[in-house]
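The structure appears right after this line, and notes come after that.
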Amino acid sequence: MHVAHQTPVPASVITAFRHGSEEAFRKIFIVYDARLTAYAAKICLTLQDAEEVVQDVFISLWEHRADMEGDDISGWLITVTRNKALKSLRRHILHTDINSLPEVPADLSDPLQQLYFDEIEQYIYTVIQSLPPMRKKIFLMSRDEDKSYQQIADELGISVLTVKKQVNLALTHLRTQVTPYAFNLALLLFPVY
């Protein structure tokens, strides 16, 4: 996004804003709101998240108005929007259940997306292979063979509670290993500007 190189708000408006002018703040909001929301939407999982991020950015802008230097605030707005959007994305990723993630689309036309999903799939496979043998077996019976906890317990001669605990431990391990990797890989393949 090239907002940072534009100065669509006159210096007089920025000065008035620094001195607490609500009218100047409204003018800044009108100029930047849609652009910042579009930018945040490229990072956030939902448009609602992007809108909340931008609302938070404008609150921060108002709270830090006296600290603003120079006549161009667009660089500050972009940086704060990016940081808050990434924080929102991280928060969602860390609290997302792996089972609730969407399936990988069958026809990924973007080679970069295909590379991303292939890389993540390979990494998940590697992490699963590193699980303790019994936990790996239980997890794969649950996920790859679509067996119920009861079926797994009966087949292995263990309690349903043990199966449930082993699957939860495997999912926790996957979440802690794969989420940071996926996030960092996404930042590498899909840089945010």
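The values are calculated or read from the model by the stated rules, or taken from the named source; none is laboratory data. The model shown is predicted, which means the values in this text are computed figures rather than measured ones. Ideal geometry is used to build each Cβ from the backbone, glycine not excepted, and the neighbour counts take in all protein chains shown. In case anyone asks, the SASA skips ligands and DNA or RNA and just uses the protein heavy atoms, side chains included. Shrake-Rupley method; radii C 1.70, N 1.55, O 1.52, S 1.80 Å.
For Lys84, the aspartates and glutamates whose Cα comes closer than 16 Å to its Cα, not counting residues fewer than 8 places off in the same chain, are Asp33, Asp49, Glu51, Glu52, Asp56, Glu63.
Please work out the C-alpha center-to-center distance from the range 76-91 to the range 144-176 and express it in whole Å. Cα centres, the range 76-91 to the range 144-176: 37 Å. With each label modelled as a point 7 angstrom along the Cα→C-beta vector, the Ser12-Leu169 pair spans 7.1 nm. Spin-label model, Met68/Phe29: points 7 Å from Cα along the beta carbon direction are separated by 1.3 nm.
Counting only aspartates and glutamates at least 8 places from Lys27 when in the same chain, those with an alpha carbon closer than 16 Å to its own are Asp71, Asp72. Of all aspartates and glutamates in the structure, those lying under 18 Å Cα to Cα from Lys164, and not within fewer than 8 positions of it along the same chain, are Asp97, Asp144, Glu145, Asp146, Asp154, Glu155. Shown is the FRET efficiency for Ser148 and Tyr125, computed with R0 = 22 Å from the Cβ-Cβ distance and rounded to the nearest 0.05: 0.40.
The accessible-area ordering, largest first, of the residues Ser60, Ser159 stands as Ser159, Ser60, per a 1.4 angstrom probe.
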